[in-house]
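A.B. asks: One structure coming up, written as structure tokens, with questions to follow.
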Amino acid sequence: MKTILITGGAGFIGSHMVRFMLNKYPDYRIINLDSLTYAGNLENLRDVEDKLNYSFIKADINDADAIQKVFDDHDINGVIHLAAESHVDRSISNPTEFIHTNIVGTVNLLNAARHHWKDNYEGRLFYHVSTDEVYGSLGDTGLFTETTAYDPRSPYSASKASSDHLVRAWYHTFKLPVIISNCSNNYGGYQFPEKLIPLIIYNIKHNKPLPIYGKGENVRDWLYVVDHASAIDRIFHKGCIGETYNIGGNNEWKNIDLVKLLCKIMDDRLGRPEGTSEKLITFVTDRAGHDLRYAIDSGKLQSELGWEPSLEFSEGLEKTVDWYLANEEWLNNVTSGDYQKYYDKMYSSR
Ligand code: NAD
Ligand code: TYD
């Protein structure tokens with residue numbers, strides 16, 4: 001019996017990861033550790049929370065003693081570390097929280113694993129989930145590979161880059177068995193509507209302006225979130241200790257083209273004449289330090305571990321739109337409370 005600690009399991013990718021592991025490995029014990037920030041929501045896991053091999057612990061990775069106790073009480077064999085502050089715009093308005101959680105929180109987990117495992121590393125793994133944003137910004141051509149030099153440019157990406165370096169330091173210095181993966185932008189259900197795709201869907205539904213930063217020419221490489229979970233599973237079980245794997249969808253989109261495609265799907269789904277939603281597009285002041293382009297070469301993961309994304313983008317995007325339309329209650333719940341305050345603060349002065 002393996003006991004796997006998934007941190008940040010109540011968030012967007014984490015909840016898909018928890019669900020994926022529970023469904024695929026009924027003989028594993030899955031512990032979801034999450035402090036339930038604005039981005040964490042146990043509603044994301046309603047369909048699996050009754051499984052006998054699942055448990056939830058509310059704890060903050062910034063609390064070193066609490067984290068050590070979780071490792072010691074539950075005899076953790078494997079960690080899939082996703083807990084983080086994850087939104088670039090919030091990292092621009094409030095960087096300090098990102099330094100605490102993403103850097104110090106990761107070190108607390110590394111220390112707890114090391115002290116609990118006491119140099120007996122057989123069958124143990126600390127898997128750190130990171131982002132392609134650590135590599136910086138590309139021009140019109142080229143792809144990030146695992147050997148691209150780090151060049152983070154936002155407080156978010158700098159905090160993730162820092163955590164990646166610390167994870168590697170624990171591997172080289174203390175021999176802690178680690179693996180890191182760096183993934184491109186994810187999309188799918190249960191994503192908090194501060195990120196581009198769910199925010200645009202939410203705004204179209206409510207006839208609100210669709211804020212496009214700058215000219216909308218920035219490019220992101222989009223991957224369906226369940227494909228990210230399947231890649232993590234493959235790497236967790238088959239990857240080499242000490243290695244890094246890039247994960248991407250080979251699916252580059254300019255923001256403006258992606259938003260127009262979403263407008264088209266939404267017009268169709270809402271029975272509105274084609275072109276209705278596009279009228280809501282509003283160009284707003286650009287994000288400070290906005291990275292122009294991210295694009296991932298995931299050749300190593302494909303050739304060495306045989307992973308491939310399963311969904312075409314058009315199918316994934318339609319599935320995603322349908323999910324948000326079918327889960328109105330979820331969307332209403334996560335946008336109650338402080339969401340409007342956040343939205344006004346972030347967008348009213350743009
Ligand atoms: P998210 O913001 O949706 O979820 C983060 C989760 O971490 C939430 O449940 C939150 O409650 C929890 N959390 C935050 N601070 C915590 C703390 N101090 N202690 C315990 N739990 C805490 O994020 P996401 O988009 O699901 O991203 C998950 C991970 O994947 C992050 O590490 C992120 O850097 C990485 N990543 C995200 C993307 C993406 O496109 N979203 C792409 C590549 C990598
Ligand atoms: P986002 O979903 O925040 O992911 P990231 O910044 O981590 O890539 O943003 C995706 C792209 O969309 C990015 O280039 C910024 C842009 N964007 C907008 O144009 N308008 C918005 O309201 C948001 C949230 C993002």
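A.B. asks: On a 0 to 90° scale, report how tilted helix 225-238 is relative to the longest principal axis of the chain, with both axes built from alpha carbons and the result rounded to the nearest 10.
C.D. replies: 20
A.B. asks: Continuing with the same structure: Along the positive direction of the dipole of region 1-139 (beta-carbon charges: Lys, Arg +1; Asp, Glu -1; about the Cα centre), which of PHE98, TYR121, ILE67 reaches farthest?
C.D. replies: Of the listed residues, the answer is TYR121.
A.B. asks: State the extension gain, in nm to one decimal, for the chain segment bounded by ASP119 and ILE256, taking 0.36 nm per residue of separation less the distance between their alpha-carbons.
C.D. replies: Going from the current span to full extension adds 44.2 nm.
A.B. asks: DSSP loop (so not H, G, I, E, B), at most 13 other Cβ within 10 Å: list which trypsin sites (Lys or Arg not before Pro) in region 17-73 pass both filters.
C.D. replies: Values: sites: ARG19, LYS24, ARG29, ARG46, LYS51, LYS58, LYS69; in loops: ARG46, LYS51.
Qualifying residues, ordered by number: ARG46.
A.B. asks: Additional query: For the chain, build the charge dipole from Cβ charges (+1 Lys, Arg; -1 Asp, Glu) around the Cα centre, then report which of TRP253, GLY337, LEU33 sits farthest towards its positive end.
C.D. replies: GLY337
A.B. asks: Greater than 26 Å separation of Cα atoms is the criterion. Which listed pairs, LYS264/LYS300; LYS195/LYS254; LYS195/LYS215, meet it? Write down the numbers at each step before the final one.
C.D. replies: Numbers: LYS264/LYS300 35 Å; LYS195/LYS254 15 Å; LYS195/LYS215 18 Å.
Where the Cα-Cα span goes over 26 Å, the pairs concerned are LYS264/LYS300.
A.B. asks: Further question: Amide H of LEU223 versus every other amide H placed in the peptide plane: which residues, excluding those fewer than 5 positions away on the same chain, fall under 5 Å?
C.D. replies: ASN185, ASN186, TYR187
A.B. asks: Within 10 Å of each candidate Cβ there may be at most 13 other Cβ atoms; applying that plus a DSSP loop requirement, which GluC sites (Glu not before Pro) in region 246-350 survive? Present the calculation step by step, with values, prior to reporting the outcome.
C.D. replies: Details: sites: GLU252, GLU274, GLU278, GLU304, GLU312, GLU315, GLU318, GLU328, GLU329; in loops: GLU274, GLU312.
The qualifying sites are GLU274, GLU312.
A.B. asks: I would also like to ask the following. In what order do LYS208, LYS215 fall by count of nearby beta-carbon atoms within 10 Å, going from fewest to most?
C.D. replies: Numbers: LYS208 15, LYS215 11.
By the 10 Å Cβ count, ascending, the order reads LYS215, LYS208.
A.B. asks: Another question, if that's okay. List, in order, the whole-Hz ³J(HN,Hα) value for each residue of region 60-65 obtained from phi through the Karplus relation with A = 6.51, B = -1.76, C = 1.60 and θ = phi - 60°; use x for Gly and Pro.
C.D. replies: 9, 5, 6, 9, 4, 5
A.B. asks: Follow-up question, since we're still on this one. Would you mind checking the tilt of helix 105-117 against the longest principal axis of the Cα atoms of the chain, expressed as 0 to 90 degrees and rounded to 10?
C.D. replies: 30
A.B. asks: Further question: Please work out the Cα center distance from region 161-213 to region 33-58, rounded to the nearest Å.
C.D. replies: So the separation of the two Cα centres works out to 19 Å.
A.B. asks: For the residues VAL70, VAL18, what sequence is obtained by ranking on other C-beta atoms within 10 Å, fewest first? Walk me through the intermediate numbers first.
C.D. replies: Values: VAL70 21, VAL18 30.
Least crowded to most crowded, the residues run VAL70, VAL18.
A.B. asks: Peptides 141-149, 192-200, 112-120: what's the order by average Cβ count within 10 Å, highest mean first? Intermediate results must be reported in sequence, preceding the final value.
C.D. replies: Values: 141-149: 14.0, 192-200: 20.9, 112-120: 15.8.
Top to bottom by mean Cβ count within 10 Å: 192-200, 112-120, 141-149.
A.B. asks: How far apart, in nanometres, would the label points at LYS345 and GLU318 be if each is projected 7 angstrom from Cα along the Cα-to-Cβ direction?
C.D. replies: Output for this residue pair reads 4.0 nm.
A.B. asks: Over region 33-94, what is the relative contact order in percent, taking alpha-carbon pairs closer than 8 angstrom and at least six residues apart? Walk me through the numbers before you get to the answer.
C.D. replies: Details: 25 pairs, mean separation 18.7, N = 62.
So the answer I get is 30 percent.
A.B. asks: Report the net charge of residues surrounding GLY9, where surrounding means a beta-carbon distance below 10 angstrom and charges are Lys +1, Arg +1, Asp -1, Glu -1.
C.D. replies: Taking every Cβ under 10 Å from that of GLY9, the sum is 0.
A.B. asks: Rg/Rh for the chain to two decimals, with Rh computed the Kirkwood way over all alpha-carbon pairs. Intermediate results must be reported in sequence, preceding the final value.
C.D. replies: Values: Rg = 19.7 Å, Rh = 20.7 Å.
Here the Rg-to-Rh quotient is 0.95.
A.B. asks: Please check which bits of region 191-221 a label hung off LYS279 would reach, taking the label as a point 7 Å along Cα-to-C-beta and the cut-off as backbone N under 15 Å.
C.D. replies: 204-210
A.B. asks: Could you estimate the translational diffusion coefficient of region 222-350 from the Stokes-Einstein equation, with Rh from the Kirkwood formula over C-alpha pairs, at 10 °C and 1.306 mPa s, in whole µm²/s? The partial results should precede the final answer.
C.D. replies: Working: Rh = 17.8 Å.
The Stokes-Einstein estimate is 89 µm²/s.
A.B. asks: Using the 10 angstrom Cβ neighbour count as an exposure proxy, how do ASP164, ASP60, ASP151 rank, fewest first?
C.D. replies: Values: ASP164 21, ASP60 18, ASP151 14.
Placing the least packed residue first, the sequence is ASP151, ASP60, ASP164.
A.B. asks: Moving on. In the calculated pair distance distribution of region 58-169, what percentage of Cα-Cα distances lie above 18 Å? Write down the numbers at each step before the final one.
C.D. replies: Numbers: 3283 of 6216 pairs.
Percentage above 18 Å: 53.
Each value in this text was obtained by applying a stated rule to the coordinates, not by laboratory testing. Being a predicted model, the structure only gives us computed values, none of them experimental. Every residue, glycine among them, receives a Cβ derived from its backbone with ideal geometry; neighbour counts consider all protein chains shown.
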